[in-house]
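Everything below concerns the one structure shown next.
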Amino acid sequence: MLPVPMIPDARRQPRFKIEVDIRINSRKCGVLNGYTVDISESGIAAMLRIEASLGEVVELGFALPCGAVTIQAIGRQRNAFRYGFEFVDSDSAHELIRRTCRDLAIDQSLTRPDLP
């Protein structure tokens, strides 16, 4: 049996699992509610029950362990009910997101099953 080649993740920053409620304010679709799947410093993935528009700038609202975040983002991708949003720069909100990603990196590295 030949080893399966690993495909590197081409993302700019690592993603971290986090499940919190998220509220999306869209001019085209109104208010959408869902929950997050993962987060990185550049974006967030969320599960939505109602279809959202891709390419639209929306306002996201969600709570992180270090505080509530309201940030603008662009809907970039969709796979069934999972949507990917890329954050539009917002210094104050981005600092909370950066801090959360650092904390999640530590927490999730301690719970990885492949570590002794």
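Assorted remarks:
- Ranking of 28, 17 by neighbouring Cβ atoms within 10 Å, starting from the fewest: 28, 17.
- Residues 91, 21, ranked from the fewest to the most other C-beta atoms within 10 Å, line up as 91, 21.
- For region 16-109, convex hull volume per residue from C-alpha positions, Å³: 81 Å³
- Exposure proxy shown here: for 88, 69, the number of other Cβ atoms within 10 Å sets the order, fewest to most, as 88, 69.
Each value in this text was obtained by applying a stated rule to the coordinates, not by laboratory testing. This one's a predicted model, so the numbers in the text were calculated from it and none came from an experiment. Cβ: placed from backbone, ideal geometry, glycine included. Neighbour counts: every protein chain shown.
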